Each structure stands twice: as C-alpha cells, then as structure tokens.
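Read the structure below first, then the notes.
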Amino acid sequence: ELTYTNKYIPLSREELIEKLNNALTQSRFEHVLRVEQMAIELAKKNEVDAEKASVAGLCHDYAKQRPDDDFIQLIKKYRLDDLLLQYGNAIWHGEVGYLMVQNELGVTDIDILNSIKHHTTGATYMSKLEQIVYMADYIEMGRDFPGVEEAREITFNNLADGVAYQTKHTLQYLISANKPIYPKTIDTYNEWVNGSN
Ligand code: GDP
Ligand code: FE
Ligand code: FE
Ligand code: FE
C-alpha cells in the first residue's frame, strides 16, 4: 500500500479511505478499492505515477451515491450544459461529480479530475491516466460480465485497444437496452473505434 506524498490530495490514504467509506455503500466501497488496485497495475505497465492512479481510482465513484438534487444544483451553479439535465446519476456522477471531488476532497490535479470526469463516457482525447481509470473501472477483479477476461487480456497488451473494446461494447449494450446515448459516448466511439477519421 502506498504512503501518499500529498502531491495530489491533502489527505493521507487512510483519511481518504475513511471519507470514501462514509460516502459509499459497502459494495461500492469495495469496488473502488479494486479499481485502485487495477489502476495501479495498469499505471506500472504504462509508466504512469502509481500514487496518481491510486488517488484517481479511489475517487472515481466518490459522487455515485449523491442525491439527484446535489448534481442539479451544481449544473445550475456552474452553468454546465443544460443537456445534462436530460440524463441522470449514470452520467452525472463523473461528468459533474469530479467537481465534488475537487471541492470536498481538495484534489487539484487536472489529470486526476479529468480521469474522474471522463470515466463513464470516455472522451475524444484521454491521457494515459484517463485511459487507465476508464479501463480499471471496466476490468477490476470483481467484474464478471461475458468478455471480461478478453477485455483484461487486450488491455494488458495495449491500453488503447482496451479503450476501443470497452467503448464498442458499452455502446452496443446501451443501444440493445434502449438507453439514451450521451453525445460524448458517441464522440468517444468515433475517435477510438471507428478508424476512418
Ligand atoms: P460504475 O459507476 O462503476 O457502475 O460504472 P460507470 O461509471 O462506468 O457506468 C455507470 C453507468 O453508466 C453504467 O450502467 C453504464 O452502462 C452507463 N453509461 C455509460 N455511458 C452511457 C451513456 O452514454 N448513456 C447512458 N444512459 N448510460 C451510460
Ligand atoms: Fe462510475
Ligand atoms: Fe466504466
Ligand atoms: Fe466505478
């Protein structure tokens, strides 16, 4: 386990864990610990700072259990895109939730904040850390959907290929379930999966 240097968050890892334990259900708390471990493994493989990956992995779902009203207030306060109001927690906990990580946990590192912002939908540009958090969330050792083993193998061979795999499969799932597609999800698909641009 890492001892934090406070370069990325003004808390010890133990203090952060305590805050997450209070903010999340037990199963969600255990998920973020597994995402942290997977993010650290992917960081080592891809020459990204392990402490940065730890903070990002632990904080990525910080806002997951917040009431809708908390997000709606922030969307208005920060004059975020009104389109967000047509979606719900699935999109808000990252796209808006990163502001809660910044305001409430004191994270200032823009790469970490972007990795939280983009962890659900991806984005056309994703730094190595953003790709790592996006993938660690998908392939952490508690996930057991059909194809997860293949996703792990692809991601450990090549991080960007993992991003393409997840993006394609998530979009297929959303369409098959008649879910509304957030435009950024389509932008991610066009950039990372459709090779013609
Ligand atoms: P989790 O927070 O660890 O459960 O995982 P994610 O943050 O990656 O995803 C949260 C939910 O958002 C999942 O159920 C995804 O299928 C869903 N999701 C991802 N992209 C979209 C989208 O474009 N539209 C909608 N409606 N849901 C999405
Ligand atoms: Fe999430
Ligand atoms: Fe995800
Ligand atoms: Fe998650």
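Worth pointing out:
- Failed condition for Leu16, given (1) within 14 Å of ligand 2 (Cβ to nearest atom); (2) over 14 Å from Glu130 (Cα atoms); (3) open to solvent by less than 10 Å² (accessible area, probe 1.4 Å): (1)
- Applying the set (1) in contact with a Ser or Thr (Cβ under 8 Å, 6 or more places away or on another chain); (2) assigned to a loop (DSSP other than H, G, I, E, B); (3) away from ligand 2 (no atom under 12 Å from the Cβ) to Val107 leaves exactly one unmet item: (1).
- Residues in the stretch 141-162 that are surrounded by fewer than 15 Cβ atoms within 10 Å (Cβ to Cβ) and not in a helix (DSSP H, G or I): Met141, Gly142, Asp144, Phe145, Pro146, Gly147, Asn158.
- Residues satisfying the stated conditions in the stretch 84-104, i.e. within 15 Å of ligand 4 (Cβ to nearest atom) and either in contact with a Ser or Thr (Cβ under 8 Å, 6 or more places away or on another chain) or among the basic types (Lys, Arg) (or both): Ala90, Ile91, His93, Gly94, Glu95
- Residues that are open to solvent by 30 Å² or more (accessible area, probe 1.4 Å) and either within 11 Å of ligand 4 (Cβ to nearest atom) or under 13 Å from the mean Cα position of the chain (by Cα) (or both), drawn from the stretch 105-131: Asp111, Asn114, Lys117, Thr120, Lys128
- Qualifying positions in the stretch 78-95 - among the acidic types (Asp, Glu) and open to solvent by less than 50 Å² (accessible area, probe 1.4 Å): Glu95
- Of all residues in the stretch 174-188, those being open to solvent by less than 90 Å² (accessible area, probe 1.4 Å), of a type in the set (Lys, Arg) and not in a helix (DSSP H, G or I) number 0.
- You will find that of Tyr165, Tyr98, Tyr138, Tyr134, the residue that is within 16 Å of ligand 3 (Cβ to nearest atom), open to solvent by less than 20 Å² (accessible area, probe 1.4 Å), part of a helix (DSSP H, G or I) and not aliphatic (A, V, I, L, M) is Tyr134 and no other.
The values are calculated or read from the model by the stated rules, or taken from the named source; none is laboratory data. The model shown is predicted, which means the values in this text are computed figures rather than measured ones. Glycine also receives a Cβ, built like all others from the backbone with ideal geometry; neighbour counts cover every protein chain displayed. SASA here: full protein model, heavy atoms, side chains in, ligands and nucleic acids out. Shrake-Rupley method; radii C 1.70, N 1.55, O 1.52, S 1.80 Å.
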